[in-house]
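S.K.: Take this structure, written in structure tokens, and hold onto it; I'll ask about it next.
The values are calculated or read from the model by the stated rules, or taken from the named source; none is laboratory data. Since we're looking at a predicted model, the values are computed, not measured. Note that each Cβ is placed from the backbone with ideal geometry, even for glycine, and that neighbours are counted across all protein chains shown.
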């Protein structure tokens, strides 16, 4: 890996997947399910989860969708030709070699499959979220455990979808390299 | 101070969960605790402000950021703090108060973000979190791996588990190589359950049932070995001195293996049985199979069907029983004594054996079958340290035994254990281990039932000013470990296996002379003891006449040893003593023996004669 490469995608993935999804959001969802299942008590979580924590998904959805899409263009080894030493290659070489390397990388790293899996995971989570929100609208009070308990299966489904999304995002390689 | 809870104490070293935000809170830590069922005992403002209550915590957690400052604000710079983190772990691993258990396990993060705290880093990662420098979030730069290496170099027995949301595969080789025992994915659905499994397998935790008292690391490691062994059905060997609690460990293992299902545990103490009775007790017998076999008997192995059998003191097992047991272990079938092939019963039993003997030494003499030994320890060996090597457990044991002794007598008063008594109990070496300590305490309580204080004078310990005056031997016995406290085989084993490889060069200077001196002194003491032990009292000499031949027969184990051979041995043995002339001048017994030997064999011996084969 070269120091002067722009690794924005990698940082974006870290911010989304590691810092937000895994470290905070999934932990909160899991705690919330434990609260619904009467394994823990937490008045603060009880009051704030549905109104404050849960909707964070909406703010991160766009990033979740764009990360798999941007992976191909930002992490392909063909970007190595934008920086030294490969940028010094002749125009003639650059006209065919980057694309060849890109195609090889796509095939050997099963990039299309990784992207498809991540996109699918995002949409599954979004679908689960929509179902959950629709159910939330149908109950009289979103801060009452009595009503929220009925939605335990929907919370569980959304939680599992988020965990699966975390795993799918993790599968992308973390370095740009020719394979 | 950490009280001894039945729930383990784990240290969590993590920048996100160990920090405190500027409002004194840490919401992410609360969520982690709610997810993994941890009770936050950190004692900082974050723990105090938490509204979380876990109904059945699997562990008590104490958090550490691993960085400075712990409470960082926007504009601050966060740096990793290796020394501070080591001190934090040291406090809970070594710097313990009396009766305080060491921490059970460490959960260690991999990625620690360093650098400036900015509004952006706070909104992205959490309040007080740094933005991260290049490499912080990639395996070669993980501070967690550096910390892991340093922790395990400093505290080699510390159980460490990685707790991370980073991909496991990228660091699997590194953390395994550095000695971490496992990896917990922070976000996995299975992780809370896996944490409980890791605690069972890797954490150092006291026995919650109260059957086995103590929180010394050596005891906790033995308990962990038992829990690990309980996960399989393989046979297991427990080694430890008499009275050290081997049977309690066997029972603990059995309880761990079947906490909910009733499975039998049959205990067979064979130390005092004749070979025939031993075989009968173990294998069972058919009516009329030997004199006195009036009824059929199932035998301990059949009684233990579906469960465990505990065989104590297997070093005493007669050869015929060893042969029979080996067949059973090979074919998993028992035929009672006097029975035929038709009486064979297939068995599903785990054998837990114990010995206080140096079974390896017994093995080499052919007294115990090696193939049987291997079968009996296929699931491993648990070593139980003697009480003198885990004296930190004595206060807890004393407390328990005093209360038990008081409860065993209706008229006994409840008493306070005074410091002078505890000091004396801590100073004693306890050759009989926990059993001896228990007897000592029970005697003290029984002898003084009507007092409110247990004081030193209530304790009847050997060497407490009640010994007969020792004869002046001329050989210094200061610092000598008596045979009662350490068996000769054990002492020789320590010397024989002593590894000189790790000694610094400075310690090797003059080592040969010192070793020779120590050997000479040990020889002289051994000779003296044998000479005294084989004295024969006569009318003229009621103290006993010295018999060098008998003394040397005893020491060599050679009943055919001649008087001149004995004389040669004495001469040669004493020659090793570095200051022979002074010794003979000061010690009348050795002087007499030496004079007798010289008289019998004025010249040197013809050939070496020390043999043990008769």
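S.K.: Only one residue in B:72, B:47 is part of a helix (DSSP H, G or I), more than 31 Å from the chain's Cα centre (by Cα) and crowded, with 19+ Cβ neighbours inside 10 Å, so which one is that? Break it down into steps so the answer makes sense when it comes.
M.R.: Numbers: B:72 fails: part of a helix (DSSP H, G or I).
After applying the criteria, what remains is B:47.
Rundown of residues vs (1) at pLDDT 95 or above; (2) crowded, with 16+ Cβ neighbours inside 10 Å; (3) over 22 Å from residue B:180 (Cβ atoms); (4) more than 34 Å from the chain's Cα centre (by Cα), yes/no style:
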| residue | (1), (2), (3), (4) |
| --- | --- |
| B:5 | no, yes, yes, no |
| B:9 | no, yes, no, no |
| B:14 | yes, yes, no, no |
| B:22 | no, no, yes, yes |
| B:36 | yes, yes, no, no |
| B:56 | no, no, yes, no |
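S.K.: Next question, about the same structure. Test residue B:173 against the criterion of being at pLDDT below 95, away from chain A (no Cβ under 11 Å) and not in a loop (DSSP other than H, G, I, E, B), and give yes or no.
M.R.: Yes.
S.K.: Next question, about the same structure. Which condition number does residue A:112 fail, the rest of (1) within 14 Å of chain B (Cβ to nearest Cβ); (2) surrounded by fewer than 19 Cβ atoms within 10 Å (Cβ to Cβ); (3) closer than 30 Å to residue B:134 by Cα being met?
M.R.: Residue A:112 satisfies all of (1) within 14 Å of chain B (Cβ to nearest Cβ); (2) surrounded by fewer than 19 Cβ atoms within 10 Å (Cβ to Cβ); (3) closer than 30 Å to residue B:134 by Cα except (1).
S.K.: Within the stretch B:181-191, can you find the residues that are assigned to a loop (DSSP other than H, G, I, E, B), surrounded by fewer than 23 Cβ atoms within 10 Å (Cβ to Cβ) and touching a helix residue (DSSP H, G or I) at 6+ places or on another chain (Cβ under 8 Å)?
M.R.: Residues satisfying the conditions are B:181, B:188, B:189.
S.K.: Also, quick follow-up: Specify the residue that is farthest from residue B:125 (Cα to Cα); the eligible residues are those in the stretch A:19-28 that are surrounded by fewer than 24 Cβ atoms within 10 Å (Cβ to Cβ) and more than 7 Å from chain B (Cβ to nearest Cβ).
M.R.: A:25
S.K.: Now, a different point. Please state which of the following conditions residue A:78 fails to meet, knowing it meets all the rest: (1) surrounded by 14 or more Cβ atoms within 10 Å (Cβ to Cβ); (2) within 14 Å of chain B (Cβ to nearest Cβ).
M.R.: That leaves (2) as the condition not met.
S.K.: Also, quick follow-up: Return only the number of the condition from (1) away from chain A (no Cβ under 14 Å); (2) free of Cβ contacts under 8 Å to residues at least 24 places away in the same chain; (3) crowded, with 20+ Cβ neighbours inside 10 Å that residue B:52 does not satisfy.
M.R.: Tallying (1) away from chain A (no Cβ under 14 Å); (2) free of Cβ contacts under 8 Å to residues at least 24 places away in the same chain; (3) crowded, with 20+ Cβ neighbours inside 10 Å, residue B:52 fails exactly one: (1).
S.K.: Would you check which residues across the stretch B:21-44 are within 11 Å of chain A (Cβ to nearest Cβ) and assigned to a strand (DSSP E or B) and list them?
M.R.: Correct list: B:38, B:39.
S.K.: Need the failing condition index for residue A:67 against (1) in contact (Cβ under 8 Å) with a residue 60 or more places away in the chain; (2) within 11 Å of chain B (Cβ to nearest Cβ), just the number.
M.R.: Here residue A:67 meets the rest and fails (2).
S.K.: Can you tell me which of A:157, A:168, A:161, A:125 is in contact with a helix residue (DSSP H, G or I) (Cβ under 8 Å, 6 or more places away or on another chain), within 22 Å of residue B:137 (Cα to Cα), within 14 Å of chain B (Cβ to nearest Cβ) and not in a loop (DSSP other than H, G, I, E, B)?
M.R.: Going through A:157, A:168, A:161, A:125 in turn, the sole match is A:168.
S.K.: Take the residues in the stretch B:268-293 that are within 25 Å of residue B:242 (Cα to Cα) and surrounded by fewer than 17 Cβ atoms within 10 Å (Cβ to Cβ), then tell me which one is modelled with the highest pLDDT.
M.R.: This residue is B:277.
S.K.: Here are some residues: B:156, B:167, B:102, B:139. Which one is away from chain A (no Cβ under 14 Å), surrounded by 16 or more Cβ atoms within 10 Å (Cβ to Cβ) and at pLDDT below 95?
M.R.: Details: B:156 fails: surrounded by 16 or more Cβ atoms within 10 Å (Cβ to Cβ); B:167 fails: away from chain A (no Cβ under 14 Å); B:139 fails: away from chain A (no Cβ under 14 Å).
Of the residues listed, the single one that is away from chain A (no Cβ under 14 Å), surrounded by 16 or more Cβ atoms within 10 Å (Cβ to Cβ) and at pLDDT below 95 is B:102.
S.K.: Within the stretch B:177-191, restricting attention to residues that are over 23 Å from residue A:16 (Cα atoms) and in contact with a strand residue (DSSP E or B) (Cβ under 9 Å, 6 or more places away or on another chain), which residue is farthest from the other protein chains (Cβ to nearest Cβ)?
M.R.: Residue satisfying both the conditions and the ranking: B:179.
S.K.: So, in the stretch B:192-208, of the ones that are surrounded by 16 or more Cβ atoms within 10 Å (Cβ to Cβ) and within 14 Å of chain A (Cβ to nearest Cβ), which residue ends up nearest to the chain's Cα centre (by Cα)?
M.R.: Among residues in the stretch B:192-208 that are surrounded by 16 or more Cβ atoms within 10 Å (Cβ to Cβ) and within 14 Å of chain A (Cβ to nearest Cβ), the one nearest to the chain's Cα centre (by Cα) is B:195.
S.K.: Please tell me if residue B:319 is under 30 Å from the mean Cα position of the chain (by Cα) and modelled with pLDDT under 90.
M.R.: yes
S.K.: How many of the residues making up the stretch B:5-20 are in a loop (DSSP other than H, G, I, E, B) and within 13 Å of chain A (Cβ to nearest Cβ)?
M.R.: Going through the stretch B:5-20 one residue at a time, the tally reaches 2.
S.K.: Scan (1) assigned to a helix (DSSP H, G or I); (2) more than 9 Å from chain B (Cβ to nearest Cβ); (3) over 29 Å from residue B:59 (Cα atoms) for the single condition residue A:47 breaks and write down its number.
M.R.: Among (1) assigned to a helix (DSSP H, G or I); (2) more than 9 Å from chain B (Cβ to nearest Cβ); (3) over 29 Å from residue B:59 (Cα atoms), residue A:47 violates only (3).
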